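To start, the structure under review is shown below, and the notes come after it.
Values quoted throughout were computed directly from the atomic coordinates according to the rules given, and no laboratory measurement underlies them. Predicted model only: the values in this text are computed from it and were never measured. Neighbour counts are summed over all protein chains in view; Cβ atoms, including those assigned to glycine, are modelled from backbone coordinates with ideal geometry.
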Amino acid sequence: MLRFVLGTSKSGKTEYLRNLLGAMAKSGDNKLLIIVPDQQSFETEKAFLELLGPNISMNVKVLGFSRLCDYVFENTGYNHGVLADEATKSLLMSIALEDTKDAMKIYGDKADSPQLISMMLSIRQEFVRNRVTTDLLRQMTTSNQVLSHKLHDVTLVLSAYDALVSNSFEDPDGELSIACDLLRENPLFEGFTICVDSYLSFTQLEIDILTELMGECKDLYVALSDDGKAGDDSIFTVSRDTARRLRACAVNNNIPVGAPVICDYQEYFQSPELLHIEENIFRNREVFDKDYSDSLCLYSAENRYEESDFIARNIRSLVMSGKYRYKDIAVVCRNTAPYNGILDVTLNSYDVPFFMDTPANIQSKPLIKLISACFDCVTSSFHQDAVLSVIKSGLTMVDNIDAALFENYLFTWNISGKRFFTEFTANPQGFADKFDDEDIRELAVVEQVRRGVIEPLLKFREDIKGATAADISRHLYSLILNLGADKRIQILCDSLESASQYQLSQEQLRLWQIFIDALDRTNQVIGNRVISPARYCDLLKTQFASVKLSFIPRAVDQVTVGDIERLRLTDKKVVFVMGAVDGEFPLVLGNSGIFTSDERTVLTESGLLPDKSLETVATREKYLCYYALTSASEKLYVSFPSSNLTGVGNIPSVMISELEILFDKLSVCLNRDVETLHKLWAAKPSFSIFSERIRGTDDLTDSLRIYYSNKEEFTSSVASLDRAVTREPFAIKNPENAQRLFGRDMRVSASQVEKYHLCRFMYFCTYGLRLKERRVAQIDAMEYGSFVHYILEHFIKKYTKEQLCHLTDEEIMTDIKVIMKDYAELHFGGMDDKSDRFIFLYNRVSDSAFHLIKHIISEFSQSRFSPAAFELDIGNDVPAYTLTLPTGQTVTIRGKVDRADLMEKDGRTYIRIVDYKTGSKTFDLSDIMYGLNLQMLIYLSVLSGNTSDKLPASLIPAGILYMPAMVPVVDAAFDTSEAAVLKERTKKLRMNGLVLSDMDVLEGMEKDMAGVYIPVSSKGDSVKGTDNLASLEEFGAIFSKIDSLIGAMATELSAGKVDATPATICYEACEYCPYSSVCGHKEGDPVRSIFKLDRNRILKELNLNDNSEEV
């Protein structure tokens, strides 16, 4: 007999069935069976164990449909083959698509699409469950040409797939069909009382199974949700349709249908509000007219992060109240994917134990990424990203530090492709003239990494050329072992277990087994096929994509989290329904399969597919909403994010609007409505609240400060917050640490002095912490400058001044080419392996150098100054400059002078310093007062007091000059003469700086004082450019000022003063600073304002009068 057990949610249907079977089991009846969804079988067995005890509970068999098949096979002696799991099915479907793509009419060009594999498997499963064979599909005719072509392709592919499955495997989708046939021949359940619980609907095969069972058992009880009220638009329409189908099967087979059992138990709901929801939601819409309690809450969150925080803190609050345990609580939604990485992280931050019933995709796991990266290497000709992905998988024997050095080397030298195949010999620092010990050590490390990773990959590439799938599997396994992945996995597992991360440790071992299974499966299916590496990799990825990692709950007391469609919620006191957004919960399903909605309608009318019309799907989704809203016995929270993560607004779900109708006095709660005190349920998330209130002086903030200040793990964070709020300048608070970092007796370069005065924090990062920006080894602006410096130095010092002035253009260019070649060998490591772009930029330098040298020769030809020293090393070629402070500390200044020129006049020798600048550089005397533009003046001061044999003694400072080392662009009309262009270029190449206000010196630099080469000119008694003049007395005062600035710098560094107070206004120190993201300096924070001062004020501050008139 068929009997239905009907009732609404939580009306006692399950309890009725359990008590019915329990009573019969106690009486000694052992022909008892209950069929429940597979995921609920454990809970059902546990319930009978608690109800009947360990002995009597054995009288009740608890099976799902899959376990029912196993039971039938076992008791009928049916010996089925190896079942094709999801990975095997994906592999076979991919091969079937490949084998039939040329004969397909629509999907041939999409045969390698992972989406098509999934869709074909999905539609096949539907067909099998509804007993639709490929023969039936062939007989289907339609005037719709697109549908006809789709049916042709589907039939073709499924026929090929069935053939592949039958060769080596048993089709799991066909198990129910086999079991049904076996039951027809073997009445295993004759005389049984069978109950079916927790199903909303059944497939055709499941209906057939139940029909066979009801024909041989004594009684078949089927529990379905139904309120017994009429109406085609009811949320129970799906259940009623299920009952109608079962009743028809009973009638057709002459099986009596008994009167339904009506369950109306209402004591489950401990709150009038929750009972009112069950009785009215989506149906009666009667307004709740009783006093409100706190059992129902509607919450509008700003986004999913804030929604997750709301859920986590309320769970924590409920448990800490002592009234609930974690196992009493469930968090449900319609799709967990948008909350992955959000809800789980938030629950962990609140120390809430939970089990999320969401199988994990393995494609982002380290071992799978390593395998994919290995194939990417051999199929992409060793692209840099692919090689780095191998190393960054964490499963090679390369540790993190060596991996970072290797990546930096690749970045610096832009290594990719075939450049991986030869030994690494270049300097890890990029273009450099020599290797120091650290460079040699670092190069040895990166070369060892190269050999350890690239050589096994190269061998793998050679081994799998023209290989069969079985050969590729064998060589892939060897490659993974050669890279050390097996050892690294074991090390990782041991580390995870030591940290009590047992599930993660188990996951690594399961991934290794999944990899081995994929190799075995591939060998079994297509082992003898010759296959390309790319195709083999695609087949592996197809298998991996179909594997979902899931774990059984490791604890009893934990929150249940998951998709409401996958969960069966019993005895949950509190339920959080999250993601109540229109289109998301209830879910709106689009055309995501092979057939569109209209095409499915045609197939449904032909009996090939079950009804999945939009109306049917919508009704099912509404029922899931009803089930979610009626699963809690004491408290229900319904929340939704008001906007997505990009800020686009969300429309609340129909659940929200329905609840607002039923409870017209209930307001949707917002984050701003929640008192701060009610948000403080765990230390980590509450610290962010404290951070927001850090400036406050109220009692709550003071209490939080005391709490976190006394927590060791938060003390440094509190100190950091205080620094950020008070904008306390960066400082090394212990002077001993400052001296250890910078030295008591400091050795600095002239350029360091300038960088310190640009920004102390920049100096600290660069020269204290020795941080440096990664640079690609290429001819950029900085490298161009070094290149041109080298050419100018080696060209000019090769000749006397007189020889220079008599060189022909051909001789100049020939020498430039020779010098460039020497530089390339010394600095670039030769030109053999350089890219076309690099060679192009390299060749362009010769033209620039030619024009610059021609200009320099032109300048020397009319000047009495002659070049005397090049790249003069202060500290080696001439003694370093040492300044002794009142404290006894010393500061030693070192550096390199681009060029020093000398002029002898009336028994006196004058020296000028020339600096080549590729960028724009305009000297301003006022910069000196702020510690800027000191480098050249420091050099002039040092060389003026020269005591070495490299230069004459008693040199008189003649000035400093910045010479442009970049050939300027001249804007001119097409017909402009070459002479005019040269004149304009010469004008733009004019040097600027500070020179001695002595006419003999000025005329020694530029004979006719026309202002072509130096920034000073005269016409008659009129002199232009007086701001670029200084007397000997003024130069002396400037040198004294520089000494005081250097002394102050040393004193401040020794005291640990490294604040981020950048120079601004005339100088924007932050504009190109690589540390701007570290210091946190923002607009409005303190700066050193650099202003342009007039000459009189400068001289006054130098305790001088204006003596420029002496010219």
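Averaging the Cα positions of each part gives two centres, and for the stretch 938-970 and the stretch 526-567 these lie 71 Å apart. Taking Cα centre as origin and charging only the Cβ of basic (Lys, Arg, +1) and acidic (Asp, Glu, -1) residues, the dipole magnitude of the stretch 775-861 rounds to 160 debye. Projected onto their three principal axes, the Cα atoms of the stretch 86-168 cover extents of 36, 29, 19 Å, largest first. Straight-line reach from K987: taking Cα to Cα under 20 Å and skipping same-chain neighbours fewer than 8 places apart, the lysines in range are K854, K917, K921, K1007, K1019, K1024.
Select from the stretch 879-921 those chymotrypsin sites (Phe, Trp or Tyr not before Pro) which occupy a DSSP coil region and have at most 10 other Cβ atoms within 10 Å, ordered by residue number.
none
Just so you know, the averaged projected area of the alpha carbon convex hull for the stretch 467-602 sits at 14.2 nm². Among the GluC sites (Glu not before Pro) found in the stretch 417-496, those both in a DSSP coil and sparsely packed, with 13 or fewer other Cβ atoms within 10 Å of their Cβ, are E423. Exceedance of the 32 Å cut-off in Cα-Cα distance is limited, within the set K392/K772; K711/K772; K365/K635; K327/K612; K101/K622, to K711/K772; K365/K635; K327/K612; K101/K622. Which pairs, out of K26/K573; K10/K229; K548/K572, put more than 22 Å between their alpha-carbon atoms? Check vs 22 Å cut-off fails for K26/K573; K548/K572.
So for the stretch 678-726, Kirkwood radius off the Cα pairs, Stokes-Einstein at 20 °C and 1.002 mPa s: how many µm² s⁻¹?
Rounded, D is 198 µm²/s.
Size check on the stretch 366-549: the Cα extents along the three principal axes, sorted descending, read 58, 46, 21 Å. Roughly how many whole Å is it from the C-alpha centroid of the stretch 988-1011 to that of the stretch 103-159? So the two Cα centres are separated by 88 Å.
Restricting the trypsin sites (Lys or Arg not before Pro) of the stretch 96-142 to loop positions (DSSP other than H, G, I, E, B) with no more than 12 neighbouring Cβ atoms within 10 Å leaves nothing.
Over all distinct Cα-Cα pairs of the stretch 760-867, the Kirkwood formula returns a hydrodynamic radius of 15.8 Å. Let me have the relative contact order for the chain, percent, based on Cα pairs under 8 Å that are six or more residues apart. Once divided by the residue count of the chain, the mean separation gives 11 percent. Taking amide H positions as modeled 1.01 Å from N, with prolines and chain starts lacking one, the residues under 5 Å from V5 and 5 or more places away or on another chain are V222, A223, L224, V261. The H on the amide N of A880, modeled in the peptide plane, is under 5 Å from the matching H of G875, each at least 5 residues off or on a different chain. Once the chain from S703 to R244 is taken as fully extended at 0.36 nm per residue, the excess over their C-alpha distance is 158.8 nm. Once you reduce the stretch 12-74 and the stretch 798-830 to the center of their Cα atoms, the two points are 95 Å from each other. Across the options N144, T155, M119, the greatest Cα extent toward the positive end of the charge dipole of the stretch 86-168 (unit charges at beta carbon of Lys, Arg, Asp, Glu) belongs to N144.
Using helices alone, I'd like the mean residue ellipticity at 222 nm for the chain: each DSSP H run of four-plus residues gives -39500 (n - 2.57), total over residue count, nearest 500.
-15000 deg cm²/dmol
In a reduced charge model with +1 at each Lys and Arg Cβ and -1 at each Asp and Glu Cβ, the chain shows a dipole moment near 680 debye about its Cα centre.
For the chain, the longest principal axis of the Cα atoms and the long axis of helix 1032-1054 meet at an angle of about 30 degrees. Cross-link partners of K950 among lysines, defined as those whose alpha carbon lies under 20 angstrom from its own and excluding same-chain residues fewer than eight positions apart: K797, K798, K801, K896, K905. Taking 18 Å as the straight-line reach from the Cα of K1082, none of the lysines fall in range once those fewer than 8 positions away in the same chain are excluded. For the stretch 841-856, the Karplus equation 6.51 cos²θ - 1.76 cosθ + 1.60, evaluated at θ = phi - 60°, returns couplings of 5, 4, 5, 5, 5, 4, 5, 4, 4, 4, 5, 5, 5, 4, 5, 5 Hz by residue, with Gly and Pro reported as x. As an equivalent ellipsoid, the stretch 1001-1103 spans semi-axes of 37, 19, 13 angstrom, where each value is the square root of five times an eigenvalue of the C-alpha gyration tensor, largest first.
Only beta bridges with both residues in the chain are counted; by DSSP, about 30 percent of them are antiparallel. Quick one: of K459/K834; K755/K1041; K105/K369; K465/K487, which pairs are farther than 24 Å apart, Cα to Cα? Cα-Cα > 24 Å for K459/K834; K105/K369; K465/K487; rest within. Note that the stretch 596-602 has calculated 3J(HN,Hα) couplings of 6, 4, 5, 5, 5, 4, 4 Hz, one per residue in order, obtained from phi through the Karplus relation 6.51 cos²θ - 1.76 cosθ + 1.60 (θ = phi - 60°); glycine and proline are x.
Residues whose amide H comes within less than 5 Å of that of Y299, counting only those at least five positions distant or on another chain, are V638, S639, F640, C669 (H built at 1.01 Å from N in the peptide plane).
Residues in the stretch 420-434 carry Karplus couplings, in order, of 6, 7, 10, 4, 7, 10, 6, 5, x, 7, x, 5, 8, 7, 8 Hz; the curve used is 6.51 cos²θ - 1.76 cosθ + 1.60 with θ = phi - 60°, and Gly or Pro positions show x.
Extending 7 Å from Cα along the Cβ direction at K917 and again at E438 yields two label points whose distance is 3.0 nm. Please name whichever of L670, T616, S308 sits farthest to the positive end of the charge dipole of the chain, dipole taken about the Cα centre and charges placed at Cβ: Lys and Arg +1, Asp and Glu -1. Looking along the dipole axis, the top candidate is S308. Here's the picture: charge each Lys and Arg Cβ at +1 and each Asp and Glu Cβ at -1 in the stretch 737-876, and of M782, I857, M820 the one pushed furthest to the positive end of that dipole is M782.
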